[in-house]
């Protein structure tokens, strides 16, 4: 491992991976540090809006990205970063106790799943409560499940779960799903899926495993699985020590070239204030961040 890298990238999703590809092509000595290579992509069943592929499984797309990074000889360190500090250079403290240093830093740390914070959610995690349909859908073959949320992600999860479960409820607090039209049309045509609007889940109940949920309308629904798709929030625990400016929701502010308010620190992907959080926009920001790092290091 190099004593000091030109560029450190934290995050193994599309933003971090693209930054690594561009940095390597700029001939920067770069290391990509990620506890989970691929990010949310590997938890996505089918991707249908990424150029070049009519449809591709998230795992397969991540595998292609890894092959490209390996061909460019990008150093991939699959560890979680515990903390980041800045003296003469940036220093990452890894969970294993190792430390690595770099002249510049790209933050592509993404977001984490938002919880419902209701009784039973933590108790039954892994016992019927899940945050990843890609991971757990096959476990619910011929069972009844619910997806909590109304985003496009919730729609996609419901459709995938319908391939395994006998019945899928979508429970949403508003009166209209926010999915892409193609997915909401699929839901309307799928006889296994029932949407319950204007409803919140207030409690998850069971003995050893999930058995039913309670709602704020007074209704109880018997089921065996609850998939939480309540949105996401930024992973900001690593950036507080650096004094990076964020908006009121904790997303990192950048200029049009992905520079933050701290010299030689850049941000890309879902962690930023971008309005559209998609693979393609994360890739674009990762490329721009690497370009900015290269130009700033040259100076």
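The rows are residues; the columns are (1) assigned to a strand (DSSP E or B); (2) over 23 Å from the mean Cα position of the chain (by Cα); (3) at positive phi.
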position: 187; (1), (2), (3): no, yes, no
position: 203; (1), (2), (3): yes, yes, no
position: 211; (1), (2), (3): yes, yes, no
position: 241; (1), (2), (3): no, no, no
position: 254; (1), (2), (3): no, no, no
### Query
closer than 26 Å to residue 279 by Cβ, crowded, with 18+ Cβ neighbours inside 10 Å and in contact (Cβ under 8 Å) with a residue 12 or more places away in the chain, is that true of residue 195?
no
### Message
Here is a list: 225, 250, 206. Which entry is touching a helix residue (DSSP H, G or I) at 6+ places or on another chain (Cβ under 6 Å) and under 24 Å from residue 121 (Cβ atoms)?
### Response
225
### Task
Evaluate the following for residue 246: is it buried (at least 19 other Cβ atoms within 10 Å of the Cβ), at negative phi and not assigned by TED's automatic domain parsing to the domain that holds residue 157?
yes
### Task
Identify the residue in the stretch 140-155 that is in contact with a strand residue (DSSP E or B) (Cβ under 8 Å, 6 or more places away or on another chain) and assigned to a helix (DSSP H, G or I) and, among all such residues, is farthest from residue 198 (Cα to Cα).
140
#### Entry: Residues within the stretch 267-276 that are out of contact with any strand residue (DSSP E or B) (no Cβ under 8 Å at 6 or more places or on another chain) and either surrounded by 21 or more Cβ atoms within 10 Å (Cβ to Cβ) or touching a residue at least 24 places away in the same chain (Cβ under 8 Å) (or both), tallied
1
### Task
Report, by residue number, each residue of the stretch 156-168 that is touching a strand residue (DSSP E or B) at 6+ places or on another chain (Cβ under 6 Å) and crowded, with 22+ Cβ neighbours inside 10 Å.
157, 158, 161, 165, 168
### Message
Given the condition in the same structural domain as residue 18 (by TED's automatic domain parsing) and over 21 Å from the mean Cα position of the chain (by Cα), answer yes or no: does some residue in the stretch 266-286 qualify?
### Response
no
### Task
Examine the stretch 5-18 for a residue that is surrounded by fewer than 24 Cβ atoms within 10 Å (Cβ to Cβ), at negative phi and within 20 Å of the chain's Cα centre (by Cα), and state whether such a residue exists.
no
### Task
Could you figure out which of (1) touching a helix residue (DSSP H, G or I) at 6+ places or on another chain (Cβ under 6 Å); (2) at pLDDT below 95; (3) part of a loop (DSSP other than H, G, I, E, B) isn't true of residue 122?
(1)
### Query
Restricting to the stretch 216-235, what's the tally of residues that are surrounded by fewer than 16 Cβ atoms within 10 Å (Cβ to Cβ), touching a strand residue (DSSP E or B) at 6+ places or on another chain (Cβ under 9 Å) and over 21 Å from residue 271 (Cβ atoms)?
5
### Query
For the stretch 213-231, which residues satisfy the criterion of being part of a loop (DSSP other than H, G, I, E, B), in contact (Cβ under 8 Å) with a residue 40 or more places away in the chain and under 13 Å from residue 146 (Cβ atoms)?
223, 224, 229, 230
### Task
Would you check if residue 147 is within 20 Å of the chain's Cα centre (by Cα) and at pLDDT below 95?
no
### Summary
When (1) within 25 Å of residue 237 (Cβ to Cβ); (2) within 19 Å of the chain's Cα centre (by Cα) are applied to residue 59, the one that fails is (1)
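The values are calculated or read from the model by the stated rules, or taken from the named source; none is laboratory data. Just so it is clear, the structure is predicted and the values come from calculations on it, not from any experiment. As a convention, Cβ positions derive from the backbone with ideal geometry for all residues, glycine included, and neighbour counts pool all protein chains shown.
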